[in-house]
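Participant: Questions regarding the structure given below will be posed in turn.
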Amino acid sequence: MEIIHVDLNHQTCPSEPSDSGSPLKTMVDTAEAEQLLRQGLGKRMVRGDGINRSTAVSGDSDMLSGGIHHYEQITQSAQSQRLKRFLTTTVMPVFLLAFTPNLVVIIWYTVIHCEGSYLKMLSVFSHRSILSGLSDMWSLMNYPSPVVIWTLVIYCVYALAMMKLLPGENVTGPVTPKGNVPVYKDNGFIYFVVTICLFWVLTICLHPFGISPSILYDKFDEVIYALNAFSLIFCAFLYIKGLLTPSSTDSGSSGNIIFDYYWGMELYPRVLGFDIKVFTNCRFGMMVWALLVCIHSVKSFELYGFVDSMFVSAFLQIMYITKFFWWESGYMRTIDIMLDRAGYYICWGCLVYVPSLYASVTFYLVSHPIHLGPVVTTIFLFLGALNIYINYAADVQKQEVRGANGNCLIWGRKPEIIRAKYQLENGDEKESILLASGWWGLSRHFHYIPEIMLAFFWSAPALFDNIMPYSYVIWLFILLTHRSYRDDTKCNKKYGLFWHQYCKKVPHKIVPYLF
């Protein structure tokens, strides 16, 4: 499940200013066509120097296959493409719809009932079917209690109210394929600060009365149950809304109800003036991640007092999430937001997968207190903070070059840039600056390295008794590797010859001189 995570510093295109226009020149009339374009199945026609011409890359290669030689030769036949379309739009969505709700239950079960060991968890499936083993896991989960349901309801009402009440400037997202310009209220950082402060004030004030937020750790199975149930219903609501009353022209049906439910009907749905993606991705997914880290810290302190491993992991995660909300308006210009419709794929991911997986390290550390000592603690904190800085510095470089239109210095030198022209669906010509020096000259996605390393350093305090605390790092590595192909495919379609020029200047995807 490719989520928002996702940084959440994932760029619209590597080194591209995020206020660029439509990512696709080709008309996107349906959700299925949009998905096929994302995966390289659409007609590859780009604009370079004002002339339409085919890209240098022939065939319809999948975004995961950029490194596989001659892959396009096996996907040229109509039969192969029909099979691939069926797998993409029916088989894979059905598999993910069936598998992912169970995945978050497996994570919870592994920590609570298997001492954080995936090997012990796998023993549940010995001498029995997968369905039988999953059934046993679900049987250990409790139905959501009133305290859990009301906590979630009150938080959602609070989050929606703050989206309207807190001050913030109006900012715009990139122009959509249909020529629409989404508008957001940029109050995410204020919301984050207010919510974190309110959490700790309530925690301290209610402690004398025996009320603690750590109850949500004790009842996290109920939280998962409630979020799974709500998300399935919520995605059905979004499907019906998109079918009957879409918010904009960036919507449409593929004719496949399974794919429409999974992928979504609308690119930027709004309900009663509330932007769905801002709520699910930012106000719920990212904010609840931060709150769960705080809840796990409280629970750990209640059980053992101060534990340095919990402190390191929680501190680095909160720093990272703080950076995300500081940069929230930039996140609303990333490829997640620009191309991913609001369906199960992104909404379930943010409402369920992010709280369950992204906060899993501190969830694990509650039952596995580890004392690192001052030296190791300092090393982990320093290296983690260093990677946050590098990731932030890369973003700042790109923004400075964009803001100065290339008339600035990067590492003491004039930046190397490519002024890439592209065309919107309505025929308007736009220009983007592709930065090929500084951090962005090392590799096209160099900022993924500090992001992965940061996740490692907030997972490493769990040491190496179990692989479970590294689940997020492994997931992030797979996600960002996949994303590097996905972004390159999109930019190749958008810029054509300009993108090939950029790739010659910056030949490596992520790791300089290796990959």
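The values are calculated or read from the model by the stated rules, or taken from the named source; none is laboratory data. Since this is a predicted model, take the numbers as computed values, not measurements. Cβ sites come from the backbone with ideal geometry, for glycine too, and all protein chains shown count toward neighbours. Surface areas here come from the heavy atoms of the whole protein model, side chains and all, with no ligands, DNA or RNA. Shrake-Rupley method; radii C 1.70, N 1.55, O 1.52, S 1.80 Å.
Participant: Between A393 and L243, what FRET efficiency comes out of the Förster formula 1/(1 + (r/R0)^6) with R0 = 41 Å and r the beta carbon distance, rounded to 0.05?
Facilitator: On the way: r = 45 Å, r/R0 = 1.09.
Using R0 = 41 Å, I get an efficiency of 0.35.
Participant: F382 accessible area, nearest 10 Å², 1.4 Å probe?
Facilitator: In the full protein context, F382 sits at about 130 Å².
Participant: Could you list which residues have their amide H under 5 Å from that of V271, counting only those 5 or more apart in sequence or on another chain, with H placed in the peptide plane?
Facilitator: I276
Participant: Assign one of three labels to the range 258-382, namely rounded, prolate or oblate, based on the Cα gyration tensor with a ≥ b ≥ c the square roots of its eigenvalues; rounded applies when a/c is under 1.5, prolate when it is not and a/b is larger than b/c, and oblate otherwise.
Facilitator: Numbers: a/c = 2.93, a/b = 2.26, b/c = 1.30.
It comes out prolate by the Cα gyration axes.
Participant: What spacing in nm lies between the two simple spin-label points modelled at L386 and L409, each 7 Å away from Cα in the Cβ direction?
Facilitator: It is 2.5 nm.
Participant: Suppose R0 equals 45 Å; then what is the FRET efficiency for T90 and D218 from their Cβ-Cβ distance, rounded to the nearest 0.05? Write out the running numbers ahead of the final one.
Facilitator: Values: r = 40 Å, r/R0 = 0.89.
After rounding, the FRET efficiency stands at 0.65.
Participant: Report ³J(HN,Hα) in whole Hz for each residue of the range 314-328, in order, from the Karplus equation J = 6.51 cos²θ - 1.76 cosθ + 1.60 where θ = phi - 60°; Gly and Pro get x.
Facilitator: Working through the residues one at a time gives 5, 4, 5, 5, 5, 4, 5, 5, 4, 4, 4, 5, 4, 10, 4 Hz.
Participant: Right, here's the next one. Enumerate the amide H contacts of L372 below 5 Å, restricted to partners 5 or more residues apart or on another chain; note that Pro and chain-start residues carry no placed amide H.
Facilitator: For L372, the qualifying residues are D308, S309.
Participant: If I take R0 = 25 Å and measure r between the Cβ atoms of E302 and L140 in this structure, what FRET efficiency does the formula 1/(1 + (r/R0)^6) give, to the nearest 0.05? Provide the component values of the computation, followed by the final result.
Facilitator: Details: r = 23 Å, r/R0 = 0.94.
Once rounded, the FRET efficiency stands at 0.60.
Participant: Oh, and also: Once you sort the root eigenvalues of the Cα gyration tensor of the range 282-321 as a ≥ b ≥ c, which label holds: rounded (a/c under 1.5), prolate (a/b larger than b/c) or oblate (the other case)? Could you put the intermediate results ahead of the total?
Facilitator: Working: a/c = 4.84, a/b = 1.76, b/c = 2.75.
Oblate is the answer for the range 282-321, as a/c is 1.5 or above yet b/c matches or exceeds a/b.
Participant: What distance in nm lies between label points placed 7 Å from Cα along the C-beta direction at K505 and W150?
Facilitator: The modelled label-to-label distance comes out at 6.0 nm.
Participant: So how much slack lies between K430 and A98, counting 0.36 nm per residue of separation and subtracting their Cα-Cα distance, in nm? Don't skip to the end; give the middle numbers.
Facilitator: Values: separation 332, 0.36 × 332 = 119.52 nm, distance 4.21 nm.
Full extension of this stretch gives 115.3 nm more.
Participant: Leaving ligands, DNA and RNA out of it, rank F363, F380, F86 by accessible area with a 1.4 Å probe, largest first. Present the calculation step by step, with values, prior to reporting the outcome.
Facilitator: Details: F363 5, F380 30, F86 110 Å².
Result of the area sort, largest leading: F86, F380, F363.
Participant: Next up: Can you give me the distance in nm between label points at T172 and S132, each placed 7 Å from the Cα along the Cα-to-Cβ direction?
Facilitator: 6.1
Participant: Which value does Rg/Rh take for the range 153-299 over its C-alpha atoms, Rh per Kirkwood?
Facilitator: 1.03
Participant: With every protein chain left in place and a probe of 1.4 Å, what is the accessible surface of R85, to the nearest 10 Å²?
Facilitator: 100
Participant: Quick one: which of K398/K430; K164/K277; K185/K277; K421/K490; K178/K504 span more than 20 angstrom between C-alpha atoms? Spell out each step's value before the answer.
Facilitator: Details: K398/K430 18 Å; K164/K277 15 Å; K185/K277 13 Å; K421/K490 14 Å; K178/K504 32 Å.
Those over the limit are K178/K504.
Participant: In terms of modelled amide H atoms, which long-range or inter-chain residues lie less than 5 Å from the amide H of D186?
Facilitator: Here E169, N170, V171 satisfy the definition.
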